[in-house]
Amino acid sequence: VCPSADDLNTAAYGLYLSNVRRVVDDDGASDDAHERLASIVHALVSRGQREDGLTRALIELRGREGMERLVARLASMPERQVVSALDDALHRDFLLTGAEAIALLLAAHRVALVFAYAGTSELALCDAVARSPGIELVNGRGDKESAFMAGGASLLRPCTGAAIIHAARGLTNACGAIADLRRSEIGNLVVVGLPSLASAQFLPPHAEPGLLVTIGKFAKWSYDPTALLAASGPSPDAAEPFLAKLGHALRLATTRPYGPVLFGLPQDAAEQPWLPWKVVSDALAPIEPDEADCDAVAEATGLERLRTSHRPLILIDDYLLKYPDARPALRDFASALSAPVLQLRYTRGAMLFERLSWKDVPQFIGWYEQGDPAHQRLLAESDLIVTIEDRNMYARVLGPFPERRKLAINSSEEKVRKNLYLTDDDVLIVGNAVETLRRLTEQLRPAGDRAASWAGEPTPAEEPAIDEAVSSPAAALRAELAGALALALGEVERPILVDDSQMLGGLLCEQYDRLPVQLRVHGSHGGFVGSGLATATGLALAEPDAVVVCTLGDQGFTNGVQGLAVAGQEGAPVTYVVCNNGGAISLEKQACSDDERAFDGGRHRYLGNAPNVDYLALAEAFGIAATSIRWSPEDGAAAIERAGRELAETLADALASREPRLIELQLPPLGDTWDGVWAIAGREPAKVANPQPAS
Ligand SMILES: Cc1ncc(C[n+]2csc(CCOP(=O)(O)OP(=O)(O)O)c2C)c(N)n1
Ligand SMILES: [Mg+2]
């Protein structure tokens, strides 16, 4: 009888237990003990005619002792008797297939989850990944879903998730997700299976001319090894340059600004053995991010500007908050400068992004509001504007910058220059923004001789802003809804909200001060309605300590619903909160504000939800328990309060369950519940004056 999997530790050597059982039953059948032993060893370390590169590599990496124990158990012999049989089988050099080498590299670089939606060309890679200890292979149930889930898994730690996607239809289908990952600066590796080298030129159905270069334009970087490998077929000579490119891909994905990288793998290069173990083992060494060296000249000039500024003003974009230690670094920097801090808010799309709190940085004032006279005054009175990790500080979002000296601290030159406010006289320090802040703060501190600061310190808002803009039932609904969410999220240690909810996100954004300070928020910077579901699922699977809530719109839900298959399949602990407001309210609001007769004054069925879709029934069909809560201001204040209590309790229960759950919020259609939430007014002059496309 074959011992159990745990007992034998077969997974550590990339062996499937059923295979090991067969080895005992078939290969162990000989009466001759030595023959039996030799055939067991052979069956364990080879696959058909060739050596099993993955198992051989794992034996090299983990040492032979465990394998000796395993063989001894299977052959029912003492360990010392199996040593020489193993030595005989293992003394030669060996080659790995492309699939085996990539799987080993992913594991060595701490990829923990691989989401795949494979075709024939990727099956060998999927199998090698499935066999690799430390990596979990998950069927992503879709192309863009696999990309988004790999992104979600890499949200906090780049490259924790990877995707395997099929060329060409798989990658073309996933293209939107790739572009969105780049916008949101999520670093992960996407391996794309390609046609075999011999057939690539004939463009079989799973090829497109220039596929990787073309879709690669939406990624941070891409590489197609077809030309390298086609020269001589996949051969040992090509192993080093091939793995160097793969190392480069992983390095780029983990270098700020992060982004997805695409790496092609022709089917024959995946399946055939051609990479010498020595070359592969060298490529397993740790990879360091490739951050720009600090520019000493820019930094010295920047420091001088800071020292001589009387009234510096700090403007951050939420990308800064993606650094795990952004808050203390910014607090010390703002304090050394006695500078007020405002946060830019991109208002023309999915609208909930992570925001700083005055509890983290006492000089924090709030979201920058173009129409707020106090903020205008701050800008006008400042003598130096310091922007940090700017991505969206262009005129339509921010309003025109006053003519002040500027210092930009940014991980990307390109991302700040495109916003057109830096002149030749301004300073740009490119590099890791948090490290730059730290170095500047260190040097500011001892100087003590900084120019005098703001007269009459600007005071940050310490209380949640009162909702003055709307009627009292609508204000009560907003407060109860945000309050219930805040209550449930405030009770857990690592709450993370993935927002894909347009109007609901906008509503929460207005109520941000109620949310617990430990809350981390991820909103799609690419504005991909429908990305949230898969992203949250990947995140929850990769970060078991986090408590993940995903807010999504009803139409966002419909666009991402495929992701629920994986949520249910994997039991991903995510609470999906669907805002059912009857339609695409953000679009209705936009259309009717431009022309009140549009879509028959909002009555046309085009923008409404599909009347046949039942969100609860859908969730349940995917194996996810679901509840609905009705919010109707016409039923009076007591009803709204009741809905708030019900939401807080349902959420607490869902978060504690560590299972996927769905909560549908039945919310009012367009009306004062949503007044002021989707930015349509107030920016129109800028829209005319500076007609840049919204990002
Ligand atoms: C992938 C993608 N397709 C289309 C759009 C355009 N779009 C913007 S808002 C929206 C509708 C959102 O409706 P819903 O999810 O119900 O949110 P609500 O506006 O009602 O809050 C669409 C389709 C988009 N942003 N992303
Ligand atoms: Mg909606």
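Kindly indicate whether residue 122 is of a type in the set (D, E, K, R), touching a residue at least 12 places away in the same chain (Cβ under 8 Å) and either within 19 Å of residue 569 (Cα to Cα) or in a loop (DSSP other than H, G, I, E, B) (or both). For residue 122, the condition - of a type in the set (D, E, K, R), touching a residue at least 12 places away in the same chain (Cβ under 8 Å) and either within 19 Å of residue 569 (Cα to Cα) or in a loop (DSSP other than H, G, I, E, B) (or both) - is not met. The set of residues from region 600-613 being surrounded by 14 or more Cβ atoms within 10 Å (Cβ to Cβ) and under 22 Å from residue 562 (Cα atoms) comprises 607, 608, 609, 613.
So which residues in region 587-602 are assigned to a helix (DSSP H, G or I) and of a type in the set (Gly, Ala, Ser), if there are any at all? Within region 587-602, 591, 593, 601, 602 qualify. Scanning region 273-301 for residues that are surrounded by 16 or more Cβ atoms within 10 Å (Cβ to Cβ) and free of Cβ contacts under 8 Å to residues at least 60 places away in the same chain turns up just one, 279. Name the residues in region 153-181 that are among the small types (Gly, Ala, Ser), within 16 Å of ligand 1 (Cβ to nearest atom) and crowded, with 24+ Cβ neighbours inside 10 Å, would you? Selection gives 174, 177. For region 110-127, the set of residues classified as buried (at least 21 other Cβ atoms within 10 Å of the Cβ), over 20 Å from residue 148 (Cα atoms) and either within 21 Å of the chain's Cα centre (by Cα) or of a type in the set (A, V, I, L, M, F, W, C) (or both) consists of 124 only.
For region 275-308, the set of residues classified as modelled with pLDDT under 95 and over 23 Å from residue 432 (Cβ atoms) consists of 308 only.
Tell me, please, whether a residue that is farther than 27 Å from residue 317 by Cβ, in a helix (DSSP H, G or I) and of a type in the set (A, V, I, L, M) can be found in region 131-138.
no
Sub-6 Å Cβ pairs linking a first residue in region 561-587 that is farther than 20 Å from residue 671 by Cβ to a second residue that is in a strand (DSSP E or B) and among the hydroxyl-bearing types (Ser, Thr, Tyr), at least 6 apart or interchain, are 577/551, ordered by first then second residue. Taking the criterion of being within 12 Å of ligand 1 (Cβ to nearest atom) and not hydroxyl-bearing (Ser, Thr, Tyr), the residues of region 544-576 that qualify are 552, 553, 554, 555, 556, 557, 559, 560, 561. Here region 579-620 is the region considered, the condition is being more than 9 Å from ligand 1 (Cβ to nearest atom) and aliphatic (A, V, I, L, M), and the residue that is farthest from residue 146 (Cα to Cα) is 598. In summary, residue 636 fulfils each of the numbered conditions (1) within 16 Å of ligand 1 (Cβ to nearest atom); (2) over 14 Å from residue 669 (Cβ atoms) with the single exception of condition (1). Just one of the listed residues (99, 130) is within 25 Å of the chain's Cα centre (by Cα) and surrounded by fewer than 17 Cβ atoms within 10 Å (Cβ to Cβ), and it is 130. Do we find that residue 526 is within 12 Å of ligand 1 (Cβ to nearest atom), modelled with pLDDT under 95 and either on the phi < 0 side of the Ramachandran plot or surrounded by 19 or more Cβ atoms within 10 Å (Cβ to Cβ) (or both) in this structure? Taking the combined requirement at face value, the residue satisfies it. Put simply, of 270, 300, 238, 253 the only residue that is more than 24 Å from residue 158 (Cβ to Cβ) and touching a Phe, Trp or Tyr at 6+ places or on another chain (Cβ under 9 Å) is 238.
Just name the residue that is nearest to the chain's Cα centre (by Cα) out of those in region 491-514 that are under 12 Å from residue 352 (Cα atoms) and assigned to a loop (DSSP other than H, G, I, E, B).
Among those residues, the one meeting the criterion is 501.
One residue stands out among those in region 551-586 that are more than 15 Å from ligand 2 (Cβ to nearest atom) and assigned to a strand (DSSP E or B): the one that is nearest to the chain's Cα centre (by Cα), which is 574. The residues in region 312-330 that are assigned to a loop (DSSP other than H, G, I, E, B) and farther than 19 Å from residue 393 by Cβ can be counted, and the count is 2. Criterion applied to 602, 608 was being over 32 Å from the mean Cα position of the chain (by Cα), within 15 Å of ligand 2 (Cβ to nearest atom) and either over 21 Å from residue 500 (Cβ atoms) or not charged (D, E, K, R) (or both), and the one residue passing it is 602.
The values are calculated or read from the model by the stated rules, or taken from the named source; none is laboratory data. Since the model is a prediction, treat every value here as computed from it, not as a measurement. Note: ideal-geometry Cβ built from the backbone for every residue, glycine included; neighbour counts use all protein chains shown.
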